[in-house]
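The values are calculated or read from the model by the stated rules, or taken from the named source; none is laboratory data. Computed from a predicted structure; not experimentally measured. We place every Cβ from the backbone using ideal geometry, glycine too, and count neighbours over all the protein chains shown. Areas reflect the complete protein model, heavy atoms only, side chains present, ligands, DNA and RNA absent. Shrake-Rupley method; radii C 1.70, N 1.55, O 1.52, S 1.80 Å.
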Amino acid sequence: AQKNKGLVDHPGVPEKWTVGNEDCGGKSQSPVNIVTRKAVREERLTPLEFKNYQHTFKTVMTNTGHSVQVNIPIISAISGGDLSTTYKAVQLHMHWGKDGGPGSEHTIDGEQYPMELHIVHMKNKYADLATALRDPEGVAVLGFFYEVLFLNPYLYVASKSRNVSFSLPSISLAQLIPPERKLTSYYRYQGSLTTPPCSESVVWTVFETPIPLSMDQMKAFSMVQFHDSKSMVNNFRPVQPLNGRLVYHSGGAALLVSSALLAAALTTALGLSQPN
Ligand SMILES: [Zn+2]
């Protein structure tokens with residue numbers, strides 16, 4: 001009964017999670033700060049294969065009391081990129097700050113983005129997340145940063161109150177993330193869930209290319225509430241020590257390409273050219 005005490009009593013107070021959640025005090029916790037010059041180039045980190053990420057589905061977005069979560073029907077999956085097997089997508093959720101301020105969980109060279117999307121996958125052979133969490137590589141989470149740039153047609157914000165769900169229009173996972181050609185550059189390390197029970201069973205993939213959204217969309221997340229009616233802001237866990245773990249980088253030439261696209265997008269956003 002005490003298992004999820006931290007989550008129930010202190011959704012926004014990570015320092016108190018270790019009470020009743022021993023794993024939260026472990027040596028391989030997430031998130032972490034990624035120091036780019038220390039990341040180890042690893043040739044085996046080839047582009048991930050996204051299966052059925054284009055498949056559209058109808059679902060609901062739910063305020064879980066510590067985030068907004070979208071359960072995903074078991075259709076989409078990932079493999080490749082040195083993952084040991086195929087992992088199927090089960091849910092996604094976000095972490096954010098306050099009114100567009102710092103809010104991501106992972107940081108890059110100490111920089112915190114305004115928001116971070118987590119698409120949670122588990123090994124194909126498992127029927128439920130609880131079982132997958134007992135396998136040290138049972139879960140694979142894809143992490144994406146958001147940057148405030150322009151209106152994102154595929155971003156929706158859940159209803160304010162806890163346990164209240166609302167229906168989403170038909171969406172696909174591919175609509176929520178950057179195009180595949182921009183996902184060849186990513187970081188990989190072994191870590192944990194960033195909320196209780198903090199199980200150390202997560203293969204993390206954190207992508208370099210951020211997802212654009214507008215400041216209004218970013219601020220809308222600050223209107224979501226915790227179950228005590230306080231605004232659900234800053235629902236990210238602070239970075240945890242690496243304790244000797246290595247962070248690997250896929251290499252790849254995505255950086256130059258994405259910079260060019262970013263400049264093009266900014267030009268469009270500023271009205272300097274006609275959007276297509
Ligand atoms: Zn998360």
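Within segment 24-86, the GluC sites (Glu not before Pro) that combine a DSSP coil assignment with at most 11 other C-beta atoms in a 10 angstrom radius are Glu43.
How charged is the neighbourhood of Ala39? Take every other residue with its Cβ under 11 Å from the Cβ of Ala39, and add Lys/Arg as +1 and Asp/Glu as -1. Neighbour charge sum, excluding Ala39 itself: +1. The residues neighbouring Met215, those whose beta-carbon lies less than 15 Å from its own, together hold a net charge of -1 under the Lys/Arg +1, Asp/Glu -1 convention. Computed with a 1.4 Å probe over protein heavy atoms only, the accessible area of Tyr186 comes to about 0 Å². Sorted largest first by accessible area at a 1.4 angstrom probe radius, with every protein chain in place, the residues Thr131, Thr205 fall in the order Thr131, Thr205. The residues packed around Ala132, meaning those with a beta-carbon under 13 Å from its beta-carbon, carry a net charge of 0 if Lys and Arg are +1 and Asp and Glu are -1. Set the Förster radius R0 to 25 Å, insert the Cβ-Cβ distance between Asp135 and Ser167 as r into 1/(1 + (r/R0)^6), and round the FRET efficiency to 0.05. After rounding to 0.05, the efficiency reads 0.15. Note on Arg37 and Phe57: with the Förster distance fixed at 45 Å, the Cβ-Cβ geometry gives a FRET efficiency of about 0.65.
For segment 22-146, carbon and sulfur atoms together expose 48% of the accessible surface, with a 1.4 angstrom probe and every protein chain in place.
With the whole protein complex present, Asp23 retains an accessible surface near 70 Å², based on a 1.4 Å probe. Sorting Val148, Val32 by accessible area puts them as Val148, Val32; the probe is 1.4 Å, largest comes first, and only protein heavy atoms count.
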